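One structure is given below, represented as structure tokens, and several questions about it will come after.
Computed from the coordinates by the stated procedures, all read-outs in this text should not be read as laboratory data. Note that this is a predicted model, so its numbers are computed, not measured. So basically every Cβ, Gly included, is an ideal-geometry build from the backbone, and we count neighbours across all protein chains shown.
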Ligand code: SF4
Ligand code: SF4
């Protein structure tokens, strides 16, 4: 009987290790593949020990005992993270001044000296930034596009082609009720279900709803895309009450090539998808007799990550990205604002905050050391890990892509396979998982980031080494 129990247990572990090995191999995780293979071999060796070697049977006894203890310890529930469950409100410590879009680096880079009097007025108030912004403007935010990969034209063309789409759709970002359409009043529960299903149908990978917290609406417009500089500095005070937040999953094959061009090609692809999703959703509200304001790369009235947190779509990680339940940091966030009454979702606790306290993989891997390794700090009344955007963008311009190493290296970003699903579920619920899994992850996958091999159609010419980091 004892032997039979040992054997069945061992066979169960063998099946799981074989599954894990297959996943690691498919994900091109070289170190994890070796670790999984070693585990598999170990449990294969235990089979003859159990069957034919009574003097050595204490070994499987100890192994099985340890695994049972480990499994039981994973059942100790984690306490609910009240900060996370309160959404963005859980991270506020005092007065928050609304962000001014004119201060965003993208807006400043577009504000060239020929944009008078806007240029003169802005730098009269921010003289300390003028020189650094001028240098950034001269280089371009991404420097020479794709320079890390010798600006490989097929990939650069994919990036330009995708970014053409938000350029085209951006002019239709703000939709008023369509003339002649009667305002359709719907039960908010029914409307919410319809909006969510519609969002998924048109191609979003996750949809959540929140009330728009005015703190996350920019105080003034700063990003000007169509020469409409008369809107520069316009106060943004009249905004709809609800946001339909739309997430798109970024493809793992592309992201895992970070910091090379396939990853920025996928960012561009998602910006194109997000422009379509948010515009269609906004237009749908307009045809229902409501305002519908698309939030995408050609029109931001709001800071989208806090909206996504309030809409229950994830938590914010150490590297500042939204970390969503199935996709981790591998997502892009878009939205449509509306005044149709909807039912907001509740924020979620996925164990990310606790995991990030110990993990630090993104900060250890970041080539420009832009992600804090220490505790959260308070900036503008918000407790968070504050990214050093200047050094991050400096690195972007050096390599000619949006880097994304911190997105790719994050353990939550791995594909939504059986083993990663299991780990994510445990992290949501188990105290021990939150404490120990960061170390286990390092043991299995290693701490260093290595870009993965891309499918042949995405291949790019390998360029020179950049400094010590041989990306
Ligand atoms: S994008 Fe790259 S440089 Fe910027 S914070 Fe992430 S890892 Fe660091
Ligand atoms: S890499 Fe680790 S520390 Fe960084 S965001 Fe992901 S889980 Fe958090």
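Give, in nm to one decimal, the length gained when the segment between residue 211 and residue 120 is fully stretched (0.36 nm per residue of separation minus the Cα-Cα distance).
The residue 211-residue 120 span can extend by a further 29.1 nm.
Which angle between 0 and 90 degrees, to the nearest 10, do you get for helix 418-429 versus the longest principal axis of the chain when only C-alpha atoms count?
On a 0 to 90 degree scale, this one is about 80.
Given the Cα-Cα distance of residue 234 and residue 157 and 0.36 nm per residue of separation, how much length would full extension add, in nm?
24.3 nm
Could you work out how far helix 431-445 tilts from the main Cα principal axis of the chain, as a 0 to 90 degree angle to the nearest 10?
Roughly 90 degrees, rounded to the nearest 10.
Name the residues of region 346-389 whose amide N is less than 17 Å from a point 7 angstrom out from the Cα of residue 76 along the C-beta direction?
354-355, 358
Right, next: So what is the relative contact order of region 2-73, in percent, for Cα pairs below 8 Å that sit 6 or more residues apart?
Result for region 2-73 is 35 percent.
For region 2-73, which semi-axes, largest first and in whole Å, follow from the square roots of 5 times the eigenvalues of its Cα gyration tensor?
24, 13, 10
Modelling each spin label as a point 7 Å along the Cα-to-Cβ direction, I'd like the residue 450/residue 368 distance in nm, to one decimal.
Label at residue 450, label at residue 368, 2.6 nm between them.
Right, another one. Counting C-alpha atoms alone, how compact is the chain: give Rg to one decimal and Dmax as a whole number, in angstrom.
When restricted to Cα atoms, the chain yields Rg and Dmax of 24.8, 88 Å.
Have a look at region 265-369 and give its Rg and Dmax from the Cα atoms, expressed in angstrom.
Here Rg and the maximum Cα pair distance are 15.8, 50 Å.
Pull out the extension gain between residue 457 and residue 137, defined as 0.36 nm times the separation in residues minus the alpha carbon to alpha carbon distance; nm, one decimal.
Here the segment from residue 457 to residue 137 would lengthen by 111.9 nm.
Now, a different point. For the chain, what does the relative contact order come out to in percent, with C-alpha contacts under 8 Å and a separation of six or more?
Reported as a whole number, the value is 21 percent.
Tilt of helix 58-73 relative to the longest C-alpha principal axis of the chain, in degrees (0 to 90, nearest 10)?
Tilt relative to the chain: about 30 degrees.
Another question about this same structure. Relative contact order of region 335-471: what whole-number percent is it, with Cα pairs under 8 angstrom and at least 6 residues apart?
Averaging sequence separation for qualifying contacts and normalising by length gives 27 percent for region 335-471.
Between residue 100 and residue 439, take the C-beta separation as r, use R0 = 35 Å, and let me know the FRET efficiency to the nearest 0.05.
It comes to 0.25.
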